[in-house]
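Just below is one structure, and these are the notes that go with it.
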Amino acid sequence: MDISHNSSHNNVQLFSDHTQSDKVKICFNIPPLMHSDGIFEHPKSPEKFLTYALPLLELQLTLIIFTTNVLYFILKRIGITMFICQTGIILGPTLFGRLEFMRRVVFPLESQPFLTSVGLLGFSIHIFLNAVKLDLGVVVRSGKIAMISGALSVITPIVCGMGVLIPYKEHLLDKRSFTSASTVVFLNCYSTFSFIVRVLEELKLVNSELSYIALSSSLTSDVVGMGVVFFSTIARQKMSIREVMTDVSGMVGFWIAGIFIFRQLVMREIRKTLPGLPLNSSFIYLILALMAASQVYYVFFINIQCLGAFIFGLLIPAGPPLGSALVDKLESFTIGILLPITVSAGVMRADLTLIFTEFAKAEFYIAIIFLCFGSKLVGCLIPSLCWKIPLIDSVIFAVIMTSRGLIEIIIYTLAIDFMLIEEVVFSTLILCLLMNAIFVAIVVKNLYDPSRKYAGYRARNIMSLKPNSELRIMACIHKPENVTTITRLLDAFHPHKDRPIGIHILHLIELAGRASPLRICHLKQKPVSESCSHNVIFAFNQYEQNNWDSVSIISTYTTISPINLMNEDISILALEKLASLILLPLHKRWNIHGDIEAEDQNLRAVNIKVLEKAPCSVGIFYDRGKLGRLSPPVGSQARIFSICMIFLGGKDDFEALSLSRRIAKHSNTCLTVISFLPEDDRLIHYEERKLNSLVLEDIKENSGFRSNITYKELVVKDGPQTALIIHSIMNNYDLFIIGRRWGIESPQTAGLSDWTELPELGIIGDLLASKDVQTKAAVLVVQQQKHMK
């Protein structure tokens with residue numbers, strides 16, 4: 001590389017040799033000419049105003065953004081994502097970049113540093129915002145499958161790729177560069193977290209169980225990948241132990257300072273801000289300045305660009321007020337303006353025609369890339385199938401984990417700048433990246449079923465809980481009277497320090513007078529303001545204080561959204577908080593005389609939608625008088641609370657029985673389990689009879705030596721006889737716990753389904769809610785978590 005300086009013209013002539021063959025002469029001014037006096041400064045040569053840096057940059061930005069949006073408008077109908085449309089292939093040397101005017105005037109070589117600088121700025125802010133939006137607690141709880149898949153997604157391509165290259169190393173040295181080939185292997189072994197976040201957002205998969213597993217796996221992949229980069233850097237640069245320890249100490253010190261100093265200062269500033277008021281703008285600008293400083297810090301120690309922005313973003317609390325303020329201020333500008341520049345600046349350097357003119361060289365690298373892609377796909381697919389995730393969802397997960405994108409483009413650019421790969425290899429990598437992005441978009445669009453958004457792959461129900469573990473409940477509140485009924489029902493559950501209950505409160509308000517939905521997290525450290533949820537928050541805080549050793553109100557949320565989207569809010573929050581049971585109030589309300597005083601069909605529609613898609617078990621609860629207005633608190637020592645569990649068989653009844661058995665551990669509870677059996681037991685399949693008997697075995701044993709548990713078996717010939725028996729006992733108990741069992745045919749309920757008015761309650765639940773029956777008992781109808789197939 002030769003450099004000569006001509007002082008008379010105040011410019012520098014730079015000669016660079018990237019391909020070791022052709023020298024490129026670049027002339028540019030130092031300092032650069034920033035802005036002109038306008039297009040008419042040189043009337044005879046108007047294009048000369050583009051020799052100034054600022055007008056040229058503005059023209060380049062306009063062309064990139066215009067091209068991106070036009071392509072996306074045309075291609076989005078077939079499922080193509082915005083990322084694919086942001087590529088600069090059209091403006092690069094593959095197409096229009098071959099024109100003399102484009103190459104000499106619009107995208108001259110000397111303008112590349114400015115365009116690249118703007119692109120790196122956009123990239124830094126983008127990965128910073130992705131880290132800010134991440135709820136790390138939800139992601140890291142995704143379990144072993146995520147850790148194993150993430151590790152295999154890095155290790156498998158390296159093992160397969162290098163396993164093929166090393167035996168032929170001597171042969172490759174004669175024809176192709178072994179260094180270039182091994183670089184291609186390592187460049188294709190990562191699944192970068194920040195880009196997978198964007199893929200999930202564009203494909204509308206965020207807030208699904210599948211997305212949490214993919215995010216956690218990609219986070220593990222990043223950690224393993226950084227380890228590979230770190231140790232390969234040590235090996236390549238032959239670093240001493242002292243240098244290694246210095247870098248490690250620098251990273252550990254950053255984390256310690258960030259967690260124990262910076263994050264605590266941020267939380268203190270958040271607590272000082274009154275609810276509903278925005279954070280101080282100076283504080284936001286300070287955060288951005290620290291983000292830039294963290295990048296410099298990480299480049300100094302481990303020389304990885306933009307990693308500092310991502311790590312720093314993880315230290316910012318997700319959600320309101322700080323996380324949401326940063327996203328609101330920066331995301332639109334970053335996605336709409338800066339990211340297209342970031343992607344295009346990298347891709348514009350690729351000349352795809354080289355792949356065809358030098359195909360003999362390119363085909364070898366194409367084979368390596370496809371080998372890495374296939375091994376990564378298999379490495380992610382096998383663990384998900386072993387964890388019994390359905391085949392279609394496993395394929396979608398594995399395909400998402402193979403996504404290549406923004407970070408890969410940056411890495412490819414750095415690789416060619418450091419002359420680790422040739423131009424034909426760079427172009428091959430870019431082409432394969434674009435093919436991968438199209439492949440991911442098409443596969444996910446055609447295989448993914450939106451109705452499976454909240455599909456649960458892990459057991460999130462009461463039956464799977466350990467005997468004395470915490471029961472996580474998400475209680476949904478629509479109206480003030482729901483607070484009393486929910487707290488009385490929680491009292492009926494008899495929480496104890498050995499069987500604690502953790503509660504997430506969700507206050508649902510119909511959207512009116514606002515342009516967009518809103519979700520508010522009420523921090524427990526802050527005083528309760530006079531808001532629409534004031535009474536709800538106060539009531540449950542008081543309930544927690546009264547039961548301080550057995551009940552914890554983990555979080556309280558208010559959502560303001562359209563009635564047709566409330567079920568989405570419920571399912572999303574239940575998925576995020578790992579709830580085992582969602583409690584929903586019935587759409588009907590009874591007065592003290594046992595008559596129906598109000599009905600809300602919109603609320604009924606919400607309940608039905610939640611039952612269809614809930615990621616955990618669901619309980620619909622209604623009180624006809626005994627728990628609410630007419631009874632003393634059930635938690636008092638003198639109160640003996642009677643519960644009846646009606647058992648017919650099936651998963652929903654198993655869940656209801658598990659809850660009843662948990663409640664019956666308290667001495668103030670009197671539990672009666674009534675099992676209805678058909679006259680001809682051959683009408684029930686043998687396997688079902690065997691399973692029912694196994695589930696009831698514990699209750700039968702306990703009823704023999706525990707005075708507060710009673711087990712009865714009643715033989716019935718059909719549904720009407722079952723209904724008569726239930727009518728005769730409905731006033732004998734305070735609470736009925738029953739399984740929903742909707743859509744299950746059984747001889748014990750034959751003939752009753754035709755008269756059912758509320759299918760969301762099941763046959764027995766609908767019978768107890770009928771206006772024709774006179775009872776004041778409370779009823780909890782339970783549906784066990786649905787496992788997607």
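Give the residues of segment 678-693 that are within 13 Å of P747 (Cα to Cα), open to solvent by less than 60 Å² (accessible area, probe 1.4 Å) and within 45 Å of the chain's Cα centre (by Cα), sorted by residue number.
Within segment 678-693, just I684 meets the criteria.
Hey, could you check segment 563-589 for residues that are in contact with a strand residue (DSSP E or B) (Cβ under 7 Å, 6 or more places away or on another chain) and free of Cβ contacts under 8 Å to residues at least 60 places away in the same chain and say which is nearest to T487 (Cα to Cα)?
Across segment 563-589, the extreme among qualifying residues is H587.
What residue, of I592, I553, I572, is open to solvent by less than 40 Å² (accessible area, probe 1.4 Å) and either modelled with pLDDT under 85 or within 25 Å of Q774 (Cβ to Cβ) (or both)?
Unique residue meeting the criteria: I572.
Checking S631 against (1) open to solvent by 10 Å² or more (accessible area, probe 1.4 Å); (2) at pLDDT 85 or above; (3) closer than 24 Å to N547 by Cβ: exactly one of these is not met. Which one?
Condition not satisfied by S631: (2).
Checking A769 against (1) in contact (Cβ under 8 Å) with a residue 12 or more places away in the chain; (2) under 15 Å from I643 (Cα atoms): exactly one of these is not met. Which one?
Against the list (1) in contact (Cβ under 8 Å) with a residue 12 or more places away in the chain; (2) under 15 Å from I643 (Cα atoms), A769 comes up short only on (2).
Being at pLDDT below 85 and either open to solvent by 60 Å² or more (accessible area, probe 1.4 Å) or small (G, A, S) (or both) is true for just one of P527, P562. Which residue is that?
P527 is the lone residue from the list that is at pLDDT below 85 and either open to solvent by 60 Å² or more (accessible area, probe 1.4 Å) or small (G, A, S) (or both).
With the structure loaded, tell me whether G650 is at pLDDT below 85 and under 30 Å from V716 (Cα atoms) or whether it fails that test.
No.
Return the residues of segment 694-708 that are surrounded by fewer than 14 Cβ atoms within 10 Å (Cβ to Cβ) and within 45 Å of the chain's Cα centre (by Cα); say none if nothing qualifies.
If the condition is that a residue be surrounded by fewer than 14 Cβ atoms within 10 Å (Cβ to Cβ) and within 45 Å of the chain's Cα centre (by Cα), then L694, E697, D698, E701 are the ones that fit.
Can you go through V224, V184 and tell me which one is more than 13 Å from the chain's Cα centre (by Cα), more than 21 Å from V395 (Cβ to Cβ), touching a residue at least 12 places away in the same chain (Cβ under 8 Å) and buried (at least 22 other Cβ atoms within 10 Å of the Cβ)?
After ruling out the rest, the residue left standing is V184.
Residues checked against (1) without any contact (Cβ under 8 Å) to a residue 60 or more places away in the chain; (2) not small (G, A, S):
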| site | (1), (2) |
| --- | --- |
| T722 | yes, yes |
| S746 | no, no |
| A750 | yes, no |
| G762 | no, no |
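Can you spot a residue in segment 709-732 that is buried (at least 21 other Cβ atoms within 10 Å of the Cβ), farther than 28 Å from L611 by Cβ and modelled with pLDDT under 90?
Within segment 709-732, one or more residues are buried (at least 21 other Cβ atoms within 10 Å of the Cβ), farther than 28 Å from L611 by Cβ and modelled with pLDDT under 90.
The values are calculated or read from the model by the stated rules, or taken from the named source; none is laboratory data. For clarity, every value in this text was computed on a predicted model and none was experimentally measured. Heads up, the Cβs are rebuilt from the backbone with ideal geometry, glycines too, and the neighbour counts pull from every protein chain shown. We work out accessible area using only protein heavy atoms, side chains counted, and drop any ligands, DNA or RNA first. Shrake-Rupley method; radii C 1.70, N 1.55, O 1.52, S 1.80 Å.
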